[in-house]
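Accompanying notes for the structure given below.
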Amino acid sequence: MSHQRTIFITQFDEERLRELIRDAQLSEYRNSNYIKALNAELDRAESVTSREVPPDVVTMNSKILLVDMETGEEEIFTLVFPQDADILTDKVSVLAPIGTVVLGYRVGDIIEWQVPEGRNKWLLKEILYQPESSGDFDL
């Protein structure tokens, strides 16, 4: 990941994600790097109410548009909880490497993460849908 930035998370999402981490500690995922990465992100996030979260921040169930900084390729997906993940409908789990990384980022941020081939760099170009800014506070 790139420079340390302030990330925002809604209190509602934080509660559900911490519960997900607690459940994972009781499963075969307890030593997962994804769980550790998600926990680290939550620990440094600024927790705000659903009504206070800025509209340009990636929250759970946000649909986002990323642009590959090298190729210009665009990627659209919705960030979801693991049980809702479905690659056929472009729903990516928060426990997937890109899912953990994008949580809390803002439009205009550069997102970097390590992949087997090297480092990927993506621009968070747009949030196509964010539940909180749409008034959907219980998603």
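Quick one: what pairs do we get from the stretch 112-131, first residue in contact (Cβ under 8 Å) with a residue 40 or more places away in the chain, second among the small types (G, A, S) and in a loop (DSSP other than H, G, I, E, B), C-beta under 6 Å, 6+ apart or different chains?
E112/S2; I127/S62; Q130/S62
Only one of L79, L103, L95 is in contact with a Phe, Trp or Tyr (Cβ under 6 Å, 6 or more places away or on another chain), among the aliphatic types (A, V, I, L, M) and closer than 18 Å to I9 by Cα. Can you tell me which? Spell out how you get there, then give the answer.
Working: L79 fails: in contact with a Phe, Trp or Tyr (Cβ under 6 Å, 6 or more places away or on another chain); L103 fails: in contact with a Phe, Trp or Tyr (Cβ under 6 Å, 6 or more places away or on another chain).
Just one listed residue meets the conditions, L95.
Quickly run through the stretch 84-108 and pick out the residues that are in a loop (DSSP other than H, G, I, E, B), touching a helix residue (DSSP H, G or I) at 6+ places or on another chain (Cβ under 9 Å) and of a type outside the set (A, V, I, L, M). Don't jump to the end; show me each part of the working.
Narrowing the stretch 84-108 to residues in a loop (DSSP other than H, G, I, E, B): 85, 90, 94-96, 103-105, 107-108.
Next, only the ones that are touching a helix residue (DSSP H, G or I) at 6+ places or on another chain (Cβ under 9 Å) stay: 85, 94-96, 103-104.
Scanning the stretch 84-108 gives a single hit, G104.
Which ones in the stretch 2-25 are of a type in the set (S, T, Y) and modelled with pLDDT of 90 or more?
The initial filter retains those residues of the stretch 2-25 that are of a type in the set (S, T, Y), namely 2, 6, 10.
Across the stretch 2-25, the qualifying residue is only T10.
Does E70 satisfy being modelled with pLDDT under 95, of a type in the set (D, E) and either touching a Leu at 6+ places or on another chain (Cβ under 9 Å) or in a strand (DSSP E or B) (or both)? Don't jump to the end; show me each part of the working.
Details: modelled with pLDDT under 95: yes; of a type in the set (D, E): yes; either touching a Leu at 6+ places or on another chain (Cβ under 9 Å) or in a strand (DSSP E or B) (or both): no.
In short, no.
Among the residues of the stretch 73-105 satisfying the criterion of being surrounded by fewer than 14 Cβ atoms within 10 Å (Cβ to Cβ) and over 22 Å from K36 (Cα atoms), which is modelled with the lowest pLDDT?
Of the residues in the stretch 73-105, the ones surrounded by fewer than 14 Cβ atoms within 10 Å (Cβ to Cβ) are 73-74, 76, 83, 86-90.
Those still in the list that are over 22 Å from K36 (Cα atoms) too: 73-74, 76, 86-90.
On the way: E73: 95, E74: 96, I76: 97, D86: 97, I87: 91, L88: 95, T89: 96, D90: 97.
The selected residue is I87.
The values are calculated or read from the model by the stated rules, or taken from the named source; none is laboratory data. All figures in this text were calculated on a predicted structure; none of them were measured in a lab. Cβ coordinates were reconstructed from backbone atoms using ideal geometry, including for glycine residues, and neighbour counts include every protein chain displayed.
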